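The values are calculated or read from the model by the stated rules, or taken from the named source; none is laboratory data. None of the values given here were measured: they were computed from a predicted structure. Reconstructed Cβ throughout: ideal geometry from the backbone, glycine too, with neighbour counts over all protein chains shown. Quick note on the areas: whole protein, heavy atoms, side chains included, nothing else; ligands and nucleic acids left out. Shrake-Rupley method; radii C 1.70, N 1.55, O 1.52, S 1.80 Å.
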Amino acid sequence: MIRKSPVASDSSSQQHASAERAGPVLRPQVDPRWALSSQGFLAVALLSTLFVLASHVPLRSTDLWSHVAYGQWIMQHGRLPAEDPFLPQYAGMPVVDTAWGSQVLLAGAYRLGREEGLSLIYAATLLVAFAFFLRAAHLLTGHLGTGIVALLLAVAVGWSRLLTIRPENFGLLAFCTLLWLLARNERSAPEQAEPEAPAYPDVAGWMWPAVPGLMILWANLHGSFVCGLVLLGAYVLGALVAAWREHGLRSCLRDGRFHRWLLLSELALAATVVNPYGMGLLIHTLQFAGHPNLRDIIEWHPLTLASSPGPEFGFSLLVLLVWWRWSRRPLHPGHLAAWGVFALLTVFTMRMIIWYALVFAYVSAPHLLWLYRAWRKPKPQVPEAQSEPATAGQEPVSPWRWVWTLAAGLFVWSAFVLSPASSPLLGARKRTPYQIYHRMTTPYRVTQFLHRAKLQGLVFVPQHWGDWLLVHGPRGLRPWLTSNIHLIPTQLWQDYLRVWQVNAGWERTLQRYRIELAIVDKNMQGALYRAMLGSRSWQPLYDGPDGAVFRWSDPDRPRSAFPPEKPSRATPSTPGGSSSQEKNR
Amino acid sequence: MSHPLLTRRQLLGFGLLHAGLLGGGATWAALDYRAERLRRRLPPLRPKPWAIRPLRDEPVVVEMDVLRQVLNRLELRDRGPQLKINHVDHALRFLGQEHRPKQPGMLSGRQMLALLTDHREFARRYGTQQPPLLEPSVWGVRVRFSSRGLTASSHRDHTVATLAEVGLPLDFPIHTSQGPAAMRDLVRHVLLSFALDQQEYEWSVLVAGLYLAPQRVWFNRDGRRLSFDMLAVRIMRQRMPQGVCYGNHRLFTLAALLQLDRRHRLFDPQVRSAAVRYLQGMSRRLVQHQHPRGFWNGRWPSRRPESLRPATTGTVDRLPDRILATGHALEWLAIAPEEVLPPREIVARGAAWLIETIQGLSDRDVEQWYTFLSHAGRALAMWRGKYPAQIPR
């Protein structure tokens, strides 16, 4: 930025005189707001690191691919599907596409940049979400370092839901944006003058368009918009409790703040109806958790300490106990209500851990800062605004802060260089499929075999491979089911579990669907793999490290004398050769 | 800092605003929910089920005198508490609800109907310790079925299909273990609990056809839209001879749907063509794999019986297996459209073998293989253009 300098240079008097004759001198000067503190540098470094890590998270063979396929279908047809457009065995099952907006974004990213496009949109979404969260915690506490700690806490508790690329990531972004709005609202409230004992914040004027606007976007991106409504509901409850404390039980309902929070939440609720399904989306989303098929999906089970997010949840409780015991900062009733509700939801359904993690870290941040300040008491109190960047007109910025800025710039550049997003610009070598796809969960070699053998028809697949094969399998191959669990007819789902668990009659079950081709995940379906090997009706066609392919044959006929194909050791290319494996079914 | 409280007037205004907002929202949600429920409600059912008609009267297949003799052999003996519900089911379908036995000790149509539709009759015969045949369910009334035991229906929805085929109207009173109900409740349960991929679907589909046509679509408990096109594709999906009775019930149901389709246009044109082609294919297999003496066995879709002498073990080529395969084949052919039929001599040869075999059976064999024989007897009558109940004896 170029500014006029009112001060003449300190050169010789001759030069000085000539300069005065020539008029004021223009000197290059960077806006002091760019001068970062050490905490600012840490924040940039943390976000850059998270971006690099996210951009290297491999693509899994999960629901990502059916979301991409749905997005492609929507873009191609210009409307939302009423029934599943890919699998005839789902015919008649109604589709309420709660993630249509995300699907279009994913399909767009895939169209523009293929797999790297998906990686980039995922990393960018997480980056922006984390940035919003960090800023929210910063605004809430007025202390950037605490914001960084809060972000680290949120990632530590909710990491298990962050490693998969799915529409939920966009919901995460919306949730962090809502937290930012709420924090900004608390920050702008007049009570900020008493940071140690803040009163309950009122609803600022700009919140009225901002929150409903966000909810409209969210409702069209992912079904997790209900989490936003829950969070706002917690703030309403908090406002009621605050009014109760302030005015007593009889008058609390006459408190204007409570009414404004309630009205804002109702507007947010009304905003979620602005979507292609209208009120139907809300009804469907609220009923979704009761779907009978979800009882068999682990992530929908109640939380246990032994399960994946259990220890993280336990860790969060420990942190909570610490600040609950020692922090003297008054409890914010809205925060407490939000923590309670999300903790309860997570106990009932462990997939809620990511929303809980964000709320937990957000709620904990002010108390952690209080504890930190209590611990550092001998040191003089740092004014709240000090961590805010200096503005023009204030005293000159310490040169060291420019060093932090330069270091942060270096970090940002390094993050860009280290992420695959820089490849087209810098001409780096393209990633191999095994770097792009999740090695342990992607049936890559199986897919190559399917293309070579040009296999077609209905095929038994592990549910977690169905989505992948929908997009990457050979044309004409129809996976039996995908991970769109709620679209799977209940009977079909029960039959799938019977086969998976090799229960009595599993072969007859496959015959009932006329499934004569089977792909088995050897790691997760060992019993089924052994059962097929031992069956007279199933002949192995391919047996690789990731999976095996079997074909049904009449048990009365002699089995083929040829051994099953083994995978080659050559470095794999894209399944099916070039990008022609893309299918628009 | 204390926030000012609203005045009573402001509070009233706010209350009214909220009442309006919440009331409006709740009404919208309720209307939306109701509209969806209405959309998924069962379409109007036929008060009286359609009848599947035998399409041709062919004396060359069976002469009337011979047919009478055969039918008279196939009455159901009342064996008290040893009587199988499965046999009652088949006998009612075969002989009809107006049947009056010619011989003493045999069951009448009314007795059979009462046993299947009135729990008090059921309890009187089998005692109260047996689990009831008719049980209330979430969607109506269900019939207990099991492949074992005397007191349960042998196949899913077989009993309801039997009641539909003998023409029970929706308001026909039934009596469950919990109290009175109506035939409508049985039909509702069949339609709402129906899953397209369920193991036994042949009779459920038949019930749907008989009570739903000309409606082409309904929604089940999952909210899944089901159409007769989907049902036809489902029937044709599996390989032969998979399905109950070597797959013959699938063919009977498909032929019945085609007959209903001729009257009510249930299928899309391409599904109709596929169904006809499918039955033609099955008919060709019958021609290819018929034994020179006229019978088929459990391998009818793929090979001809090798020996005239029936096997004594196994489940595909014993005498009852041949009666089953041959009787069922002639039964579905009797209601199938003309373009799928094999040459008449194939049918006549099969009928001749059945007549000869039935006449040579002992009473014990008849009792033991009653269900298979009921199909055979029914098939023979249908090739004379009538149901057994319509043939004077």
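Residues that are more than 21 Å from A:Q511 (Cα to Cα) and in a loop (DSSP other than H, G, I, E, B) do not occur anywhere in region A:457-472. Considered as a group, the residues in region B:363-390 that are modelled with pLDDT of 95 or more and among the small types (G, A, S) include one that is farthest from B:V70 (Cα to Cα), and that residue is B:G385.
Across region A:432-474, the number of residues qualifying as of a type in the set (V, I, T) and open to solvent by 10 Å² or more (accessible area, probe 1.4 Å) comes to 3. Return yes when A:F315 is within 25 Å of A:A136 (Cβ to Cβ) and open to solvent by 50 Å² or more (accessible area, probe 1.4 Å) and no when it is not. When the stated conditions are applied, A:F315 passes them.
Please pick out the residue among B:L333, B:L361 that is under 24 Å from B:L254 (Cβ atoms) and surrounded by 16 or more Cβ atoms within 10 Å (Cβ to Cβ). Walk me through how you get there before you give the answer.
Details: B:L361 fails: under 24 Å from B:L254 (Cβ atoms).
Exactly one residue qualifies, and that residue is B:L333.
All of B:P49, B:P54 fail the test of being touching a helix residue (DSSP H, G or I) at 6+ places or on another chain (Cβ under 7 Å) and either farther than 30 Å from B:E345 by Cα or open to solvent by 50 Å² or more (accessible area, probe 1.4 Å) (or both), apart from B:P49.
For region A:297-324, give me each residue that is under 23 Å from the mean Cα position of the chain (by Cα) and part of a helix (DSSP H, G or I). Passing the criteria: A:I298, A:E299, A:W300, A:G310, A:P311, A:E312, A:F313, A:G314, A:F315, A:S316, A:L317. Scanning region A:70-110 for residues that are open to solvent by 40 Å² or more (accessible area, probe 1.4 Å), charged (D, E, K, R) and within 14 Å of another protein chain (Cβ to nearest Cβ) turns up just one, A:E83.
Please work out if B:R40 is within 11 Å of another protein chain (Cβ to nearest Cβ), touching a residue at least 24 places away in the same chain (Cβ under 8 Å), at negative phi and open to solvent by 50 Å² or more (accessible area, probe 1.4 Å). Considered against the rule, which asks whether it is within 11 Å of another protein chain (Cβ to nearest Cβ), touching a residue at least 24 places away in the same chain (Cβ under 8 Å), at negative phi and open to solvent by 50 Å² or more (accessible area, probe 1.4 Å), B:R40 comes out as yes. Could you look through region A:142-160, keep only residues that are surrounded by 22 or more Cβ atoms within 10 Å (Cβ to Cβ) and under 15 Å from the mean Cα position of the chain (by Cα), and pick out the one that is farthest from the other protein chains (Cβ to nearest Cβ)? The residue in question is A:V157. If you check A:Q494, A:Q463, A:Q456, A:Q501 for being within 14 Å of another protein chain (Cβ to nearest Cβ) and either touching a Phe, Trp or Tyr at 6+ places or on another chain (Cβ under 9 Å) or within 30 Å of B:G247 (Cβ to Cβ) (or both), only one passes: A:Q494.
Considering region A:507-547, and only residues there that are over 16 Å from A:L458 (Cβ atoms) and in contact with a Lys or Arg (Cβ under 6 Å, 6 or more places away or on another chain), the residue that is surrounded by the most Cβ atoms within 10 Å (Cβ to Cβ) turns out to be A:G547. Per the listing B:R100, B:R120, B:R93, B:R77, the residue uniquely touching a Leu at 6+ places or on another chain (Cβ under 8 Å), open to solvent by 10 Å² or more (accessible area, probe 1.4 Å) and among the basic types (K, R) is B:R77. For region B:1-14, the set of residues classified as open to solvent by less than 100 Å² (accessible area, probe 1.4 Å) and more than 9 Å from chain A (Cβ to nearest Cβ) consists of B:G13 only. Based on what the data block shows, is B:S193 more than 14 Å from every other protein chain (Cβ to nearest Cβ), more than 21 Å from B:A91 (Cα to Cα) and of a type in the set (S, T, N, Q)? Taking the combined requirement at face value, the residue does not satisfy it.
Number of residues in region A:256-280 that are open to solvent by less than 60 Å² (accessible area, probe 1.4 Å), more than 10 Å from chain B (Cβ to nearest Cβ) and over 19 Å from A:A234 (Cβ atoms) equals 1. Does B:Q82 satisfy being exposed (fewer than 12 other Cβ atoms within 10 Å of the Cβ), farther than 30 Å from A:L267 by Cβ and either modelled with pLDDT of 95 or more or not charged (D, E, K, R) (or both)? Considered against the rule, which asks whether it is exposed (fewer than 12 other Cβ atoms within 10 Å of the Cβ), farther than 30 Å from A:L267 by Cβ and either modelled with pLDDT of 95 or more or not charged (D, E, K, R) (or both), B:Q82 comes out as yes.
Yes or no: A:V128 touching a residue at least 60 places away in the same chain (Cβ under 8 Å) and among the hydrophobic types (A, V, I, L, M, F, W, C)? No, not satisfied.
Checking each residue in region B:209-247 for being open to solvent by 10 Å² or more (accessible area, probe 1.4 Å) and more than 10 Å from chain A (Cβ to nearest Cβ) picks out B:P214, B:Q215, B:R216, B:M240, B:P241, B:V244, B:C245, B:Y246.
Being over 20 Å from A:W339 (Cα atoms) and either within 11 Å of another protein chain (Cβ to nearest Cβ) or open to solvent by 20 Å² or more (accessible area, probe 1.4 Å) (or both) is the requirement here; does A:L253 meet it? It is true that A:L253 is over 20 Å from A:W339 (Cα atoms) and either within 11 Å of another protein chain (Cβ to nearest Cβ) or open to solvent by 20 Å² or more (accessible area, probe 1.4 Å) (or both).
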